[in-house]
Amino acid sequence: MPKRRLNEALGDLVEGLARWQLWVLLGWNDIRQRYRRSIVGPFWITISMAVMIGGLGYMYAELFNQRLDEYLVYLAAGIIVFNLMSSVLTDGTQVFISSARAILQAKAPLSIYVYQMIWRNMLIFLHNISIQLILLIIFQVKIGPSVVLALAGLFLIMINSIWAAILLGGLSARFRDIPPIVASLMQVAFFLTPIFWKRENLPNREAFVDLNPFYYFIEVVRMPLLGQIPPLRIWLVVAAMTCVGGLISLVFFARYRRRIAYWI
């Protein structure tokens, strides 16, 4: 691959990041348009999330013989973090397709639309995380200074969201079967990931959990929110996926960035 293409791809990412005011404004506008003329606005997402957490928590706490207070904070953190990742991946498949008109009419870094999508989902996450904060206060869960690690875990999720959206967005622009495939896989992943059940519930099949990448990304945020420190193994796996995925996505973006406008 010519070095020039690689530099152009990196330049696109850097220039798009430098135009943060644009994609921040576009992300805010997406939220406002989605809930236009709604009294509650984006908090409808939070309300529906709270109802789901309450319903699943009440049922599965009894099913798994867990204390309701401990189980609810565990479940809430898992669902909220997984919802962020699921939304980023499913929206990532449409990131270039949905912005086709803007891409064809205006000369701008393609990464702007990726940052816009991630910022939009980050705003939704910030609404939903209020559920977790309320539960921590109600049940008086002591989290301690380890909660700072949750910010580090969230930052790693955002970094991985960038390369995942670029890769999935480019592939989806070329192959329109990718979006429904990703949507279906995320539905299956919700049940195969320890969100409302725990790794210890599969004593003889722990390898099944260890091979699930979503498990590691959830734990780097959930464990600090519960006052625990994620093991070094989890951090190393997340770091490895970040580096490998980022490299693959960068090579893909450098090679096919110019073709995306034709594919959409």
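The values are calculated or read from the model by the stated rules, or taken from the named source; none is laboratory data. No experiment lies behind these values; they were computed from the predicted model shown. Every residue, glycine among them, receives a Cβ derived from its backbone with ideal geometry; neighbour counts consider all protein chains shown.
Residues that are closer than 24 Å to residue 11 by Cα, of a type in the set (A, V, I, L, M), modelled with pLDDT of 90 or more and out of contact with any Lys or Arg (no Cβ under 9 Å at 6 or more places or on another chain) are absent from the range 177-195 altogether. Residue 177 meets all of the listed conditions (1) touching a residue at least 60 places away in the same chain (Cβ under 8 Å); (2) more than 22 Å from residue 219 (Cβ to Cβ); (3) surrounded by fewer than 22 Cβ atoms within 10 Å (Cβ to Cβ) but one, namely (1).
Checking each residue in the range 85-110 for being surrounded by fewer than 24 Cβ atoms within 10 Å (Cβ to Cβ), part of a helix (DSSP H, G or I) and either in contact with a Gly (Cβ under 8 Å, 6 or more places away or on another chain) or hydroxyl-bearing (Ser, Thr, Tyr) (or both) picks out 86, 87, 90. Pairs linking a residue in the range 86-110 that is of a type outside the set (S, T, N, Q) to a residue that is modelled with pLDDT under 95 and assigned to a loop (DSSP other than H, G, I, E, B), with Cβ atoms under 6 Å and 6 or more positions apart or on different chains, are 96/264; 97/264; 100/264. The residues of the range 140-156 that are within 14 Å of residue 77 (Cβ to Cβ) and surrounded by 15 or more Cβ atoms within 10 Å (Cβ to Cβ), listed by number, are 141, 143, 146, 149, 150, 153, 154. For residue 175, work out the one condition from (1) aromatic (Phe, Trp, Tyr); (2) within 28 Å of residue 23 (Cα to Cα); (3) under 14 Å from the mean Cα position of the chain (by Cα) it doesn't fulfil. Failed condition: (3).
One residue stands out among those in the range 219-264 that are farther than 21 Å from residue 79 by Cα and of a type in the set (Lys, Arg): the one that is surrounded by the fewest Cβ atoms within 10 Å (Cβ to Cβ), which is 233. The condition of being touching a Leu at 6+ places or on another chain (Cβ under 8 Å) and either small (Gly, Ala, Ser) or in a helix (DSSP H, G or I) (or both) holds for only one of 78, 57, that being 57. One residue alone among 254, 240 is modelled with pLDDT of 95 or more and either more than 18 Å from the chain's Cα centre (by Cα) or not acidic (Asp, Glu) (or both), and that residue is 240.
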